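Visitor: This structure is in structure tokens; I'll ask about it shortly.
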């Protein structure tokens, strides 16, 4: 029987974020079984083994801030990818979480 790693759980959780929505690192950590592991989520996403399949661009911080070190092209690429999906941004450049946060209840 194969043991599922925490990173595998993270990738599975991220894969559930719907098109046009975002989730926070904390949400993904909680969905993956360790609510205090938001930093580990960031590390896992930086190592995303399937960048075209696991939508790591849909994960932002708790304030809606994009990753300054987005692993696949930088912050501007992450924003472009989200804008293509219809994700709304505030004047400060953060994602409008009131409109675009995935409510995974």
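Bear in mind that the values in this text are calculations on the coordinates, not laboratory data. Note that the structure is a prediction, hence the values are computed from the model and not measured. All Cβ positions, glycine included, derive from the backbone under ideal geometry; neighbour counts span all protein chains shown.
Visitor: When the chain is modelled as a GNM with alpha-carbon springs shorter than 10 Å, which of 55, 18, 68 fluctuates the most?
Guide: For the chain, modelled as a Gaussian network with Cα springs under 10 Å, the answer is 68.
Visitor: So, one more: Suppose each label sits 7 Å from its Cα in the direction of the beta carbon; what would the residue 46-residue 16 distance come out to in nanometres?
Guide: 2.6 nm
Visitor: Give the distance, in whole Å, between the Cα centre of region 86-105 and the Cα centre of region 1-78.
Guide: Answer, in whole Å: 16.
Visitor: Quote the Stokes-Einstein diffusion coefficient, in whole µm² s⁻¹, for the chain, based on the Kirkwood radius over alpha carbon pairs, a temperature of 25 °C and a viscosity of 0.890 mPa s.
Guide: So the translational diffusion coefficient is about 180 µm²/s.
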